[in-house]
Amino acid sequence: MLAGQSAQLFRSSSTSNVWKGLGIECKRGETFSALGGLLGRTTIYFRLDGRAANNVFVHQGAYGNHRAARSAVRRELKFHSNDRFVQKKREEREMMNRSIYILCFAMLFFAGTSTPAQQKFEVSPFVGYETSGSYPVNPFNPPVGNLPPVSSLRVNDALAFGTFLNYNLTENTQLEFMWNRNNTSYSGQSILTGQYHKAFDTTVDQFQFGALYMFLNSEHRLRPYIAGGLGFTHDSNGGGTPNRTEFGFNIGGGVKYYVSRHVGLRGDVRWLPTYGSSTNGLYCDPFYGFCYNAQLPNYLNRGSFTGGIIFRF
């Protein structure tokens, strides 16, 4: 059943005894098996004034269970609003809940394996800046927002905020989870003028899982490091533009300065590519030297510059 369909039931004509509704079409008293083998053969009756799922009555057939059938039919007839605003708010709440679940899972995982006396667990909320990045698109694809045909899409630079979660494996090595969010917008590049024009607003969430290596031992307050990881980026888009989730990764480094046993400061720089599109191009194998036409990935390359406070447990 598609979102936006009404849950009303109606006769196909005033003289016909055939009733239809949300992918269901049957005659009064007819055996209905569209729900598949889970229900078996089930007989369905509709009230003449039936307009909602509550007015669907199911009679147990040769192999069916009438309670299970009734529940399944009602689910099949469930009303889904086609209001775009309501749908977007619902998606935003779901995405926020996923973000909270991921953060809680990471914290519970690290906390469950940490030893408080050794300060193995670090939480580092941060704020900073993330650069813009672009990738080519097919100008013959459906229009982007209200723009004329465009040759590329650019996510604009914006304020960034989020958190790092780290767990010490050794004195110098840590597991790391990063969540980085920025409220920004996309612009499209016109194929006629080459100029960029705003297409739609978006909220970008980057989730990365990786590792970090510090060069100096724990006796030093100042500890430079390198880091990297893999993950995904989710765009919650406005203006009726579909949301997207794509593969991403990060490479970078920074420095930590521990003010005390439990508190420190952190500066971080990352390169954060996210997959954008694929185009035909010539690929040359770096090991064997031969070249051939292939679908080449295009990445949305962004840079992140952040600073935050470290809390150690």
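Just so it is clear, none of the values below were taken in a lab; they were calculated from the coordinates. Predicted model, so just to flag it, every value in this text is computed and none were measured. Counting neighbours? That spans all protein chains shown, and the Cβs are built from the backbone with ideal geometry, glycine included.
Placing a pseudo-label 7 Å from each Cα along the Cα-to-Cβ vector at N280 and V255 gives an inter-label distance of 5.1 nm.
Of the GluC sites (Glu not before Pro) found in segment 145-241, those in coil by DSSP whose Cβ has at most 16 other Cβ atoms within 10 Å are E171, E219. Please give me the summed charge of the neighbours of M214: other residues whose Cβ is under 14 Å from its Cβ, Lys and Arg +1, Asp and Glu -1. After counting each charged neighbour, the total is +1. Taking the number of Cβ atoms within 10 Å of each Cβ as an exposure proxy, the fewest-first ranking of H262, H234 is H262, H234.
Counting alpha carbon pairs within less than 8 Å and at least 6 residues apart, what relative contact order, in whole percent, applies to segment 205-282? Don't jump to the answer; show the numbers that get you there.
Numbers: 149 pairs, mean separation 20.4, N = 78.
26 percent.
Neighbour counts of other Cβ atoms within 10 Å put M214, M178 in the fewest-to-most order M214, M178.
Order these peptides, 184-190, 253-259, by their mean beta-carbon neighbour count within 10 angstrom, highest first.
Numbers: 184-190: 21.1, 253-259: 16.3.
Those peptides, ordered most packed to least, come out 184-190, 253-259.
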